[in-house]
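What follows is one structure encoded as structure tokens, with my remarks underneath.
The values are calculated or read from the model by the stated rules, or taken from the named source; none is laboratory data. Every value quoted in this text rests on a predicted model; they were computed, and no experiment measured them. Cβ sites come from the backbone with ideal geometry, for glycine too, and all protein chains shown count toward neighbours.
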Amino acid sequence: MEEGWKRRMVASEPRLSEMVEMYEDLGFEVKLEPVGPDDPYWEEDGCTICLEDPSVKDLVKVVYTRRIPGKVDQRDDGLFD
């Protein structure tokens, strides 16, 4: 993984789209990666037996984020000053 990316969560729809939208609204760049045994957190994610089914595995993604330099998040828009 490139510099600056933080692993946030593993999710599928509908939470996946909700989390992508939330992180983007907060000023983050979002990257989705497939879940697999090469993921360094594979053992820590708990039960992974469902991911042996290819139809399920394709629906589940790892969410990574990083700040977009110079991007102001919506919390800093002065609305609540």
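Would a scan of the range 36-56 turn up a residue that is touching a strand residue (DSSP E or B) at 6+ places or on another chain (Cβ under 7 Å), of a type outside the set (Phe, Trp, Tyr), modelled with pLDDT of 85 or more and not in a helix (DSSP H, G or I)?
no
Could you check the range 2-32 and list, in sequence order, the residues that are under 25 Å from Val56 (Cβ atoms), surrounded by 13 or more Cβ atoms within 10 Å (Cβ to Cβ) and in contact (Cβ under 8 Å) with a residue 40 or more places away in the chain?
Trp5, Arg7, Arg8, Met9, Val10, Ala11, Ser12, Leu16, Met19, Val20, Tyr23
Restricting the search to the range 33-55, which residues are among the small types (Gly, Ala, Ser) and surrounded by 11 or more Cβ atoms within 10 Å (Cβ to Cβ)?
Gly36
With the condition kept exactly as written, say whether any residue in the range 8-22 is touching a Phe, Trp or Tyr at 6+ places or on another chain (Cβ under 7 Å) and of a type outside the set (Phe, Trp, Tyr).
Initially, the range 8-22 is screened for residues touching a Phe, Trp or Tyr at 6+ places or on another chain (Cβ under 7 Å), giving 8.
Imposing the further condition that a residue be of a type outside the set (Phe, Trp, Tyr) reduces the set to 8.
Yes.
Of all residues in the range 14-35, which are in a loop (DSSP other than H, G, I, E, B) and either farther than 23 Å from Glu3 by Cα or in contact with a Cys (Cβ under 8 Å, 6 or more places away or on another chain) (or both)?
Narrowing the range 14-35 to residues in a loop (DSSP other than H, G, I, E, B): 14, 26-27, 35.
Once the filter is applied, which keeps residues that are in a loop (DSSP other than H, G, I, E, B) and either farther than 23 Å from Glu3 by Cα or in contact with a Cys (Cβ under 8 Å, 6 or more places away or on another chain) (or both), the range 14-35 yields only Pro14.
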